[in-house]
Amino acid sequence: MKLTIITAFFSVFSASMIIYIFSRIKRETIGFRSALVWLSLWLGIGFFSIFPGLLDWATRVAQMELRIFFVLLVAVFILFAIVFNLSSRLDRMQRNLERVVQELAMTNYRQNRRG
Amino acid sequence: MAVRVLVTLTALNEATHIASVINAIRRDGYQCILVDDGSSDGTHKISASLGAQVIRHAINLGQGHAVLTSFKAALEEDCDIIIEMDADGQHDSSQIPLFVERMQETGADIVVGSRILGSNYANAPFFRKTFLPHFTWIINRLTGYRMTDAMCGFRAFRKESLAKVEGVLDKMLEPQYGAAEMFLRFARAGLTVEEVPIDLKERASGGSHKGLVRYGVGVLRAIVRVLADKSYRHLR
């Protein structure tokens, strides 16, 4: 393990993010699934920062020339997965909101008719 | 026994037209329910003061959702036929008897107004003339109906038929493009459709809230989603 400024920075930063996520779990301001996704992400980044040799190995396995290509590719995949997950959740929330608004309108209507 | 007709309107910021529309409906002797889809211009107050029963969406959900809410409310009312009309003054309530007569003559579950068969279709906008027949053709091919105008918002529903498919309305995936989805599901449920020619009045002011390209894409997306939907495939 060779410590450089960049690996030290990423290690400290990912450790801070992990602590921050745990504090949010404690305050119950983050859901279980979101916490799991972000913890995995920062643990992964922290792990590769401490053991950069693993990144070289993964780059070779993926048959890529430069580490940066591998990192970018993984980042793009992760971002796509997050965006897909968020858009599905938004769709679901929108449907729920539509139902709530319609139910509320009908409840008020029934009450007005009776009253 | 006289047929009891209930008119449902859906409106978004129609304060300038709504009084004349409701007055005409009331003058013709019909009950009226208005779904205010999150208007901010006092449409609901004007409507209530004129004797319409008003249902308010707290936020704007879109016309399709407002139509579904109006159906739910209408199904709780004492009536035989539910007429759906636009609140912008383009539909003429004096043509309602045509729908009722057609429904009684044919025994159809739904009677749809056809702008294409109407006498003033020659003056219709370019986009309507270009795309409406094609969308209608697609829906006819998928449903087996023989309509000339599947997208008209002036329609009559037999209450008992609508009640039979009430559960279907809750499963609608794209209420915003409801015309396409509704006919697909209603055809699957075995409801019959007839048409009457209608004449559209000129819109006094304002414009449609629907973008044409977005609406067209939305209708096609609705068709694809419904055909792929399990609740549609199992509907009988």
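Using a simple spin-label model with pseudo-atoms 7 Å out from Cα toward Cβ, residue B:27 and residue A:74 lie 7.4 nm apart.
Summarising the label geometry, the points placed 7 Å from Cα in the beta-carbon direction at residue B:199 and residue A:25 lie 7.2 nm from one another.
What is the percent of Cα-Cα separations in the range A:1-50 that go past 15 Å? Before the final figure, lay out each step's value.
Working: 549 of 1225 pairs.
Counting pairs separated by more than 15 Å, the tail of P(r) holds 45 percent.
Of the trypsin sites (Lys or Arg not before Pro) in the range B:1-95, the ones in a loop by DSSP (not H, G, I, E or B) with at most 14 other beta carbons within 10 Å are B:4.
Please report the spacing between the Cα centers of the range B:25-96 and the range A:79-115 in Å, no decimals. Each part's Cα centre sits 21 Å from the other's.
Here residue B:123 and residue A:33 are evaluated by their C-beta separation; at R0 = 51 Å the FRET efficiency comes out at 0.35.
Based on the Kirkwood approach, the hydrodynamic radius assigned to the protein assembly as shown is 23.8 Å, with every pair of different Cα atoms included.
How much length, in nm to one decimal, is gained on full extension between residue B:20 and residue B:192, taken as 0.36 nm per residue of separation minus their Cα-Cα distance? Value of the extension gain: 58.7 nm. Pairwise inverse Cα distances across the range B:85-210, averaged and inverted, put the Kirkwood hydrodynamic radius at 15.2 Å.
How high is the relative contact order of chain B, in percent, counting Cα pairs under 8 Å that sit 6 or more residues apart?
On the way: 411 pairs, mean separation 51.1, N = 236.
Contact order relative to length: 22 percent.
Between residue B:106 and residue B:146, full extension at 0.36 nm per residue minus the direct alpha carbon distance yields a gain of 13.0 nm.
Coupling constants for the range A:80-96 follow from the phi torsions by the Karplus curve (6.51 cos²θ - 1.76 cosθ + 1.60, θ = phi - 60°), and in residue order they are 4, 4, 5, 5, 4, 4, 5, 5, 5, 5, 4, 4, 5, 5, 5, 4, 5 Hz; glycine and proline get x.
3J(HN,Hα) along the range A:21-31, derived from phi through the Karplus expression 6.51 cos²θ - 1.76 cosθ + 1.60 where θ = phi - 60°, amounts to 5, 5, 5, 6, 4, 5, 7, 6, 9, 9, x Hz, with x in place of Gly and Pro.
Look at the stretch B:62-71: the mean tally of other chain Cβ atoms within 10 Å of its residues' Cβ atoms is 2.
Which translational diffusion coefficient, to the nearest whole µm²/s, is obtained for chain A from the Stokes-Einstein equation, given a Kirkwood hydrodynamic radius over C-alpha pairs, 4 °C and 1.567 mPa s? Could the numbers behind the result be given before it?
Working: Rh = 17.8 Å.
Answer, rounded: 73 µm²/s.
In the range A:1-50, Cα pairs under 8 Å separated by at least six residues give a relative contact order of 59 percent. What the phi angles of the range B:4-16 give under the Karplus curve with 6.51, -1.76 and 1.60, with θ = phi - 60°, is a coupling list of 8, 10, 10, 9, 10, 10, 10, 9, 10, 6, 10, 4, 6 Hz, glycine and proline written as x. For residue A:92 and residue A:50, the FRET efficiency from 1/(1 + (r/R0)^6), where r spans their Cβ atoms and R0 equals 30 Å, is about 0.20. Give the Debye-formula value of log10 I(q)/I(0) at each listed q (0.07, 0.09, 0.16 Å⁻¹), with one equal scatterer per alpha carbon of chain B, two decimals each. Here the Debye-derived log intensity ratios amount to -0.20, -0.34, -1.21. Distance between the pseudo-spin-label points of residue B:4 and residue A:43 (7 Å out from Cα toward the beta carbon): 6.4 nm.
Taken together, the values in this text are just the output of simple stated rules run on the coordinates, not laboratory data. Nothing here was measured: the structure is a model prediction, and the numbers come from that model. FYI the Cβ positions are ideal-geometry reconstructions off the backbone, even for glycines, and counts take in every protein chain you see.
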